[in-house]
1. Please report, for A:G116, the nm distances (one decimal) from its label point, 7 Å out from Cα along the beta-carbon direction, to the equivalent points in the remaining copies, shortest first.
2. Could you tell me the relative contact order of chain B? Use alpha-carbon pairs under 8 Å, at least six residues apart, and round to a whole percent.
3. Scan around A:F140 for amide H atoms under 5 Å from its own, H built in the peptide plane at 1.01 Å from N, and keep only partners 5 or more places away or cross-chain.
4. Which of these, B:T103, B:T262, B:T148, has the largest mean-square fluctuation under a Gaussian network model of chain B (Cα springs below 10 Å)?
5. Could you check the simple spin-label distance between B:N257 and A:R208, using points 7 Å along Cα→Cβ, in nm with one decimal?
6. Label-point separation (nm) for B:L49 and B:Q63, each offset 7 Å from Cα along Cα-to-Cβ?
7. Nearest-5 percent of antiparallel DSSP beta bridges in the protein assembly as shown?
8. What are the ³J(HN,Hα) couplings of the range B:72-86, residue after residue, when phi is run through the Karplus curve with 6.51, -1.76, 1.60 and θ = phi - 60°? Round to Hz, x for glycine and proline.
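Every number here is computed from the coordinates shown, using simple stated rules; none is lab data. Just so we're clear, the structure is a prediction, and the values are computed from it rather than from any experiment. Note: ideal-geometry Cβ built from the backbone for every residue, glycine included; neighbour counts use all protein chains shown.
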There are 2 protein chains.
Amino acid sequence: MAGKLKIGKLVVIGVGLIGGSFALALKRARAVRRVVGVGRTRGNLSDALRLKVIDEASRDPAQAVRDADLVLLATPVGQMSAVMSAIAPNLPAHAVITDAGSTKRDVIACAQRFLGARGARFVPAHPVAGTERSGAHAAFAGLFEGRTVIVTPQAGIAAGAVTVVRRAWEACGARVVRLDAGAHDAILAAVSHLPHVIAYALVNMLARRPDPARLFGLSAGGLRDTVRIAGSSPEMWADICVANRDALLAALEDYGNELEQTRAAIERADAQELKLLFARARAAREKWLVKKRS
Amino acid sequence: MAGKLKIGKLVVIGVGLIGGSFALALKRARAVRRVVGVGRTRGNLSDALRLKVIDEASRDPAQAVRDADLVLLATPVGQMSAVMSAIAPNLPAHAVITDAGSTKRDVIACAQRFLGARGARFVPAHPVAGTERSGAHAAFAGLFEGRTVIVTPQAGIAAGAVTVVRRAWEACGARVVRLDAGAHDAILAAVSHLPHVIAYALVNMLARRPDPARLFGLSAGGLRDTVRIAGSSPEMWADICVANRDALLAALEDYGNELEQTRAAIERADAQELKLLFARARAAREKWLVKKRS
């Protein structure tokens, strides 16, 4: 793997925002010769072909991976076990397999159960990037530029496979960091999965009120930004919530306690305490989020 | 008040983002001759003078309003009673008084208590606009373009005063709607005050975790947008929470119930129910928020 990364055949299973953008970014970097996209719906695969996200479409993952060099699993995490058991018998010995799932312990458990010996070349990865849009038409080559990709290979994974995955993401413009899968799941439950649950719940609560048209009509940019991620794929996020259940329940409990502290201060009309709580949040946001690249 | 609106002397008490932008917008529209800014801190008033947000600075509201034609109260709502009782004896009979507070029932109660006969020319108003930044240096003339300003004059307010306030906001580029003060407070509790409480609580919960630098470092655009409004003024928002306590507690209760329904579905690992909840939220956001002007 010295010199420039060159993947012969890339198979992307699940040609949505993430899978499609990975294909486009590697094409732009001239790091891949041919991309085969695998999907469940004809319409999305047609979009992907028309937009040159992929060079060839297939609805059969087992056939598609026969002569693959790199396989990216970019389906909702709830489909990982079905896809892995379908492709396992046909994976070439040299192929590297990776995924883009937002949870890692469950995907590793799937790989251990379904990929057999090929599991030693499975490199769990999570690109921390996305928009609230989904589907091949939402994909773009620049999605991962300057973003972080977390890889969580456990002991026993082939070092060469880890290198291929790291270099592929670097070719997409991403920065790659290595993390323990459990730490990954706990952190992402807090900074990503919880905010999604919050945004969905807030919109649902507002939509249940009388006259939601007037209610939303009187909202401003604050609400719009707060709930932007409530536009994200329901299927993908339902799967993530189930896959990362324990870490997410722990994060929800912490958040509930924090919210209760604020609620109690409001009930007491304790402006001093509220000011302290809000000032602490503002300072933390300033310190850790404002200077981050968008 | 036929023809073009022309205010002789505008007094802005509280030259922050909202008060400063109101002054700048009226100047740009050539709808005001002279702007006097009143504030508590020398630094912010100097900024306002230097940036030509105001023409004259004063630290004494009672003196400043002596020959005012229009007075805008743009302080945090917690200061309204002190400001009103200070200016009441010196308000000219012809002057129109208005405010820009995010809550309306409490401001109306203040006016009834402290403005005496001048209360008949007090027009409660709330520009539904803002950014997470505060202070005179954050002000800009275009802040209210295309935004909504809600006026909530109760029975007995002079029609001419309402017209002046409506036309002033229209000169700033805003659309003015009239609402009952109670309806205003209930709606804003849900679409604005609750999202702020949520954003502050989420940041505080994350900041309490071990290694917050790593935690925030692995977050993406979703978290950043969700908590953007946690950068808002702590003092202003503490006051709003106290001023609109009952409506906000009711909104928090609804939100808590919605969140609990989601939490229970996560605990049951009920992907179907989660998918339904998230799809409902996505559809509501799409219908009511996506097509709104930013």
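1. Its label point is 9.3 nm from the equivalent points in the other copies.
2. Values: 487 pairs, mean separation 49.8, N = 294.
Relative contact order of chain B: 17 percent.
3. When sequence neighbours closer than 5 places are left aside, the close amide H contacts are A:S21.
4. The residue that fluctuates most here is B:T262.
5. 0.5
6. 1.2
7. Looking only at bridges with both residues in the protein assembly as shown, the antiparallel portion is about 15 percent.
8. After applying 6.51 cos²θ - 1.76 cosθ + 1.60, I find 9, 8, 10, 8, x, 4, x, 9, 4, 5, 4, 5, 4, 5, 6 Hz.
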